[in-house]
Structures are given as structure tokens and as C-alpha cells.
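Here's the structure, in C-alpha cells; my notes come after.
The values are calculated or read from the model by the stated rules, or taken from the named source; none is laboratory data. Only a predicted model underlies this, so the values are computations on that prediction, with no experimental measurement involved. With ideal geometry, Cβ positions are generated from the backbone for all residues, glycine too; neighbour counts draw on all protein chains shown.
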Amino acid sequence: MLRAVCLLTMVAACATAAETPLMRASAKAEATKLQLRVDDIPPGREILALVLIDPQDGETTARNRQVVTREQGSGGASGPGIGVGATGGSSSGVKPFISLGYIFSSRQDERRSRYLTAEIPLADPEAYRADFRASRIEVRYRDIEGGDGLLTLAAPAP
């Protein structure tokens, strides 16, 4: 009995972990700004701030934030369908056919994902180029349960 409970607990934990994709962030340096992208934002997660932390612990907050929601699904429109085909071969003869039917579809395989883009202006691009390795980018967020989180990535090379 105890083994069955432990096994069910492990299966439930795996199922829960598989439902929430890992949120990923990336950054690219341009001449006077950094371009940021945060992918696979889970439902209910709020991105509070995207911040560049310089070597002196100064913070520059991202601007021009845009959240995009993508929906992907299989299926299509329901309705009447017509099929045309043929059976047989050269020795037995070709037998053409026409089939009529009704196509039923559903959107069971629907998947929704969110990503965010933003940019951080570089106050002093020359200083950033000289010491970018001492900088970092923080993605600060709040989960649906209200807990705060932090995703940190290295500042990109100029």
C-alpha cells in the first residue's frame, strides 16, 4: 500500500512538472541598446521588471515592453467533404470513385504560449563594451500563487 502511494505521488509530481514549461530569457547587444526576449511565460506569471545591473550595481529598467500571446491548434473547420480516388491497376483496370462525407473536427490539441520583448537603453555604450562581463540582466516576476522569482542571465557581448 505504501509503495502504491509513493508511486502515485511520483507520477503526480512528474505530471505537474511537465505542465509548466521552463521560462527562458535571451539578450542581444546592439549599438546603443540591449534587445531582450523572455519565452514560455507560464499562465498567471507576471513579469514585474527586466533590469540591467551594471558593475556598480546601478539599475537600468527595460522599455518598450510587449507581451505576445500565440495560440496554436490542430483541426479545422467542420463541414461536408468530398474525396476523389481510384483503385486497381493496369491489368485489373482502374476503378475511380467519389466519396461524400462530413468532417468533424475539434481543437483538442490547442496550445497557448506567451513571450515578452523589451529593450534596455545603454546610457554609456563605450563603458558597457569595456566592462560588459561585470554586468547582468535580471528578469523579476511573480507567480500565480504570489511568490516572487528571479531569472538572471549574463549580459551579452557587444
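Tell me the strands (runs of 3 or more DSSP E) entirely within segment 16-57 that contain at least 3 residues that are under 12 Å from Thr117 (Cβ atoms) and at pLDDT 95 or above. Give the derivation first.
Details: elements: 24-29, 33-39, 46-53.
Passing ranges, in order: 24-29, 33-39.
Residues of segment 125-158 that are assigned to a loop (DSSP other than H, G, I, E, B), more than 16 Å from Glu59 (Cβ to Cβ) and either at pLDDT 95 or above or out of contact with any strand residue (DSSP E or B) (no Cβ under 8 Å at 6 or more places or on another chain) (or both): Ile144, Glu145, Gly146, Gly147, Pro156, Ala157.
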